[in-house]
Amino acid sequence: MNRGDFLRTLAMSGLAVFASRGLAETEPEYPTTAQKIEADRVLSFTWEDVDKYPLTTSLEFVPARNELVTGGDDCHLAVWDLSNGALLKHFRADDDWIRSLAFSNDGVTLATLSHNGSIKLWNTGEWKSTKTFSKVGNGTESISFSPDGRYLAVCGYDPQVTIFDVAQGKAKTTLAMPGAGNTVIRFSPDGSTLAAAGRNGIVRLWDADTFRHRKDLRTDGRRLLTLSFSLDGALLAAGGESPTVFVWNAASGQKQQTIHSAIGKTFSLCFCGADILVSGDSLNSIRVWNLEDASEIFRGYGHTGTIAALYFDLDKGELLSGGFDTTVRFWPVLKQ
């Protein structure tokens, strides 16, 4: 089957469109000297029997299985086969907006967090729920698996972080936050550090073994919406409503770099190697930064909504982005 027949078959079946540079692209009006890049491929819902397509606000990728899982405001999970763009599974996972997804390192278990505080574990072989945790209150925003799979960390509107013991299926401890309205939480890839941030612009760090408070990293005080550790866990980046993205040494807390993005809110961040950071913003652009001199080296266009989620596939040198325009796009960040 050729490419055209394949796309027509998918469209007729009501599953997905998986196109190469396939959707109309719009460019924001603010200028840049950075090289323009376009998405290699676009993954998009095409159902005709729904009132609206789901906002993509979280995505996770399992390289060993070449599958992508997306979640959003339609309370469903979508599982995609990235080898051909087929939608393998689409099912209702909860009764509220799926705010955050987290895979265990082995790719066997997916954790979902809904806005209503519901946390579920899913076996990715059969896509059946294996465990439901007690709710942690309404307004939950972010969830993260520890690299060893022992713990799940959750944050939200309350001025605390809850740590769940995965094997026991119950809360192990709660950690005080410096304020309410916490939006993002992340374990470092090396398993040494837990970081969380939110409305007051403070990033709080804990030792991930003992959960003892280590230090607070301060910004300009504006709400933080996203955190990202570098692939080796050495660096930590934070962005949000400030026109600046902040980068620290994760171990020492020493500020390494400040990136003056200037325009729009930063909703997502992702490291693509030791010295490249990508940001997704509220003005629908993908921005690729050189951390050595804080310069913008590439800018990606095509999304027509806020970029809420980013993931870097190290093996392929490819960046995946999900946005409020319901699409997932694939960017050749390290193929230039």
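State which residue is nearest to Glu241 (Cα to Cα) when the search covers only the stretch 271-307 and only residues that are among the hydrophobic types (A, V, I, L, M, F, W, C) and crowded, with 22+ Cβ neighbours inside 10 Å. So the residue we want is Ile307.
Results for (1) within 14 Å of the chain's Cα centre (by Cα); (2) at negative phi; (3) free of Cβ contacts under 8 Å to residues at least 12 places away in the same chain, shown as yes or no for each residue.
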{"site": "Gly280", "(1), (2), (3)": "yes, yes, no"}
{"site": "Ile286", "(1), (2), (3)": "yes, yes, no"}
{"site": "Leu291", "(1), (2), (3)": "no, yes, no"}
{"site": "Ala294", "(1), (2), (3)": "no, no, no"}
{"site": "Asp313", "(1), (2), (3)": "yes, yes, no"}
{"site": "Leu320", "(1), (2), (3)": "yes, yes, no"}
{"site": "Trp331", "(1), (2), (3)": "no, yes, no"}
{"site": "Leu334", "(1), (2), (3)": "no, yes, no"}
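Residues in the stretch 218-253 that are within 14 Å of Arg204 (Cα to Cα) and not in a strand (DSSP E or B) were compared, and the one that is farthest from the chain's Cα centre (by Cα) is Ser252. The sole residue among Gly253, Gly201, Gly240 that is touching a residue at least 40 places away in the same chain (Cβ under 8 Å), surrounded by fewer than 20 Cβ atoms within 10 Å (Cβ to Cβ), under 27 Å from Phe164 (Cβ atoms) and not polar (S, T, N, Q) is Gly253.
Residue count for the stretch 58-103 under the criterion of being assigned to a strand (DSSP E or B), among the aromatic types (Phe, Trp, Tyr) and modelled with pLDDT of 85 or more: the result is 3.
Of a type in the set (Gly, Ala, Ser), in contact with a Ser or Thr (Cβ under 8 Å, 6 or more places away or on another chain), touching a residue at least 24 places away in the same chain (Cβ under 8 Å) and surrounded by 19 or more Cβ atoms within 10 Å (Cβ to Cβ), is that true of Gly156? It is true that Gly156 is of a type in the set (Gly, Ala, Ser), in contact with a Ser or Thr (Cβ under 8 Å, 6 or more places away or on another chain), touching a residue at least 24 places away in the same chain (Cβ under 8 Å) and surrounded by 19 or more Cβ atoms within 10 Å (Cβ to Cβ). Among residues that are assigned to a strand (DSSP E or B), over 21 Å from Thr193 (Cβ atoms) and either touching an Asp or Glu at 6+ places or on another chain (Cβ under 6 Å) or among the aliphatic types (A, V, I, L, M) (or both), Leu113 is not included. Scanning the stretch 162-175 for any residue that is surrounded by 17 or more Cβ atoms within 10 Å (Cβ to Cβ), assigned to a strand (DSSP E or B) and of a type in the set (D, E, K, R) turns up nothing.
The rows are residues; the columns are (1) at pLDDT 95 or above; (2) over 23 Å from Thr57 (Cβ atoms); (3) β-branched (Val, Ile, Thr); (4) touching a Lys or Arg at 6+ places or on another chain (Cβ under 9 Å).
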site	(1), (2), (3), (4)
Thr162	yes, no, yes, yes
Thr173	yes, yes, yes, no
Gly181	no, no, no, yes
Trp206	yes, yes, no, yes
Ala238	yes, no, no, no
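Taken over the stretch 111-136, the criterion of being free of Cβ contacts under 8 Å to residues at least 12 places away in the same chain and of a type in the set (Lys, Arg) is satisfied by Lys128 alone. Scanning the stretch 218-228 for residues that are farther than 21 Å from Arg99 by Cα and either of a type in the set (Asp, Glu) or crowded, with 20+ Cβ neighbours inside 10 Å (or both) gives Thr219, Asp220.
The values are calculated or read from the model by the stated rules, or taken from the named source; none is laboratory data. Quick caveat, the model's predicted, so the values are computed rather than measured. Note that each Cβ is placed from the backbone with ideal geometry, even for glycine, and that neighbours are counted across all protein chains shown.
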